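Participant: Here's a structure for you.
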Amino acid sequence: MPQDKAKITFYKITECGFYGRGEEAPEFGNMQSLLSSLEEWSGGKQLVETKTYEPSGIDEQMPCYLLNIHRLNNNWLVTIWNETPSTDGQTASAVGTSSVGNAEIVMNELPEGGIPGFATYFWFIPDLDVFASIRFQHLITGQKPMQLYMESYLAEFSPYVVLTDPDDDTDIEIIGYKAADDGEAQHLYPRFRTCLFRKPGNRQYLFDNAQFIRKIICKSSLKLSRPEDLADWQRFLTNVRLRRAEPNDESVKIK
């Protein structure tokens, strides 16, 4: 039975919670409370109701939705559905065998209420403030949309949000955030920020001794099967068969 191979990339959670202006530590909130409240908030909702932000004209980031969230001991698996563009309820596909300048485009109907897109998977370990993106059949990690999704959830849908009282002639507005029911709303900034997780090593040793470094050796391999970079006259000789390039599938290691 064929098995899918997964590629796992770890990220460090650098900020998660509600912060005062210029503050590095949150007033309240962490990864564990975010995931717990997200699980409770999404319970019983339809997929379309889990969208936390609208497309922005700045970065043209498409919306995404919470496909699944599951907890096992102190680990969480979160699956995000990333929406892809559609036109009037149809998705476009280009026929790969059609020619440039005369490409054939096929429009496929979406089912009623369908959301075109693809899934991305994330493994969260709140105790270590890290998470991993898990990739299967595609190359996209979906890390940026997930980050935007989490931060938008904190900002507008988390239990820490304090809203104005609804009036007949006014819209409901967010006036701040608070950690407890009996607390006062504070003017804080919800944040969810990440960076690529770096493996422990002798980086600090290199930084401390940078002045003693005199040489850096780069190692690589040359594929001899690559097409030759020829001048015009060399290509001419090849075309009239006065010069013949010998096939070579070997590779040469260089440094």
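The values are calculated or read from the model by the stated rules, or taken from the named source; none is laboratory data. Quantities reported herein were computed from a predicted structural model and do not represent experimental measurements. Quick reminder, even Gly has a Cβ in these numbers, built from the backbone with ideal geometry, and neighbours come from all protein chains shown. Note: areas computed on protein heavy atoms with side chains; ligands, DNA, RNA excluded. Shrake-Rupley method; radii C 1.70, N 1.55, O 1.52, S 1.80 Å.
Participant: Do any residues in region 164-192 that are in a strand (DSSP E or B) have Cβ atoms under 6 Å from those of residues that are modelled with pLDDT of 80 or more and among the β-branched types (Val, Ile, Thr), where the two are at least six apart or on different chains, and which pairs are they?
Facilitator: Pairs that qualify, where the first residue is in a strand (DSSP E or B) and the partner is modelled with pLDDT of 80 or more and among the β-branched types (Val, Ile, Thr), are 174/161; 175/162; 175/164; 176/162.
Participant: Which of the residues that make up region 33-49 are open to solvent by 80 Å² or more (accessible area, probe 1.4 Å) and part of a helix (DSSP H, G or I)? I'd like the intermediate steps shown before the answer.
Facilitator: Within region 33-49, the first condition is being open to solvent by 80 Å² or more (accessible area, probe 1.4 Å), and the residues that meet it are 40, 44, 46, 48-49.
The answer is 40, 48, 49.
Participant: What's the number of the condition residue 72 fails, among (1) in contact with a Pro (Cβ under 7 Å, 6 or more places away or on another chain); (2) open to solvent by 80 Å² or more (accessible area, probe 1.4 Å)?
Facilitator: Tallying (1) in contact with a Pro (Cβ under 7 Å, 6 or more places away or on another chain); (2) open to solvent by 80 Å² or more (accessible area, probe 1.4 Å), residue 72 fails exactly one: (1).
Participant: Determine which single condition residue 52 fails, assuming it passes every other condition in (1) open to solvent by 60 Å² or more (accessible area, probe 1.4 Å); (2) part of a loop (DSSP other than H, G, I, E, B); (3) closer than 24 Å to residue 179 by Cα.
Facilitator: Every condition holds for residue 52 apart from (1).
Participant: Hey, another quick one. Whether any residue in region 152-165 is under 30 Å from residue 184 (Cβ atoms), open to solvent by 70 Å² or more (accessible area, probe 1.4 Å) and of a type in the set (A, V, I, L, M) is what I want to check.
Facilitator: So in region 152-165, the residues under 30 Å from residue 184 (Cβ atoms) come out as 152-165.
This time we only want the ones that are open to solvent by 70 Å² or more (accessible area, probe 1.4 Å), so: 156-157, 159, 163, 165.
Imposing the further condition that a residue be of a type in the set (A, V, I, L, M) reduces the set to 163.
Within region 152-165, one or more residues are under 30 Å from residue 184 (Cβ atoms), open to solvent by 70 Å² or more (accessible area, probe 1.4 Å) and of a type in the set (A, V, I, L, M).
Participant: Consider region 193-216. How many of its residues are open to solvent by less than 80 Å² (accessible area, probe 1.4 Å), without any contact (Cβ under 8 Å) to a residue 60 or more places away in the chain and outside any helix (DSSP H, G or I)?
Facilitator: Taking region 193-216 as the starting set, the residues that turn out to be open to solvent by less than 80 Å² (accessible area, probe 1.4 Å) are 194-195, 201, 209-210.
With without any contact (Cβ under 8 Å) to a residue 60 or more places away in the chain added as a condition, the list becomes 201, 209-210.
With the extra rule that they be outside any helix (DSSP H, G or I), the set shrinks to 201, 209.
Residues flagged as open to solvent by less than 80 Å² (accessible area, probe 1.4 Å), without any contact (Cβ under 8 Å) to a residue 60 or more places away in the chain and outside any helix (DSSP H, G or I) within region 193-216 amount to 2.
Participant: Right, another one. Look through region 77-92, keep the residues that are part of a strand (DSSP E or B) and more than 22 Å from the chain's Cα centre (by Cα), and return whichever of them is surrounded by the fewest Cβ atoms within 10 Å (Cβ to Cβ).
Facilitator: To start, the set of residues in region 77-92 that are part of a strand (DSSP E or B) comprises 77-83, 87, 90-92.
After this cut, where a residue has to be more than 22 Å from the chain's Cα centre (by Cα) as well, the list is 87, 90-92.
Details: 87: 8, 90: 13, 91: 16, 92: 12.
Checked region 77-92; the qualifying residue surrounded by the fewest Cβ atoms within 10 Å (Cβ to Cβ) is 87.
Participant: Would you point out the residue of region 93-120, among those that are open to solvent by less than 70 Å² (accessible area, probe 1.4 Å) and part of a strand (DSSP E or B), that is farthest from residue 32 (Cα to Cα)?
Facilitator: At the first step, the residues of region 93-120 found to be open to solvent by less than 70 Å² (accessible area, probe 1.4 Å) are 93, 95, 98-99, 103, 106, 108, 110, 114-120.
Filter once more, keeping what is part of a strand (DSSP E or B): 93, 106, 108, 117-120.
Numbers: 93: 41, 106: 45, 108: 41, 117: 28, 118: 26, 119: 23, 120: 20 Å.
Looking at residues that are open to solvent by less than 70 Å² (accessible area, probe 1.4 Å) and part of a strand (DSSP E or B), I get 106.
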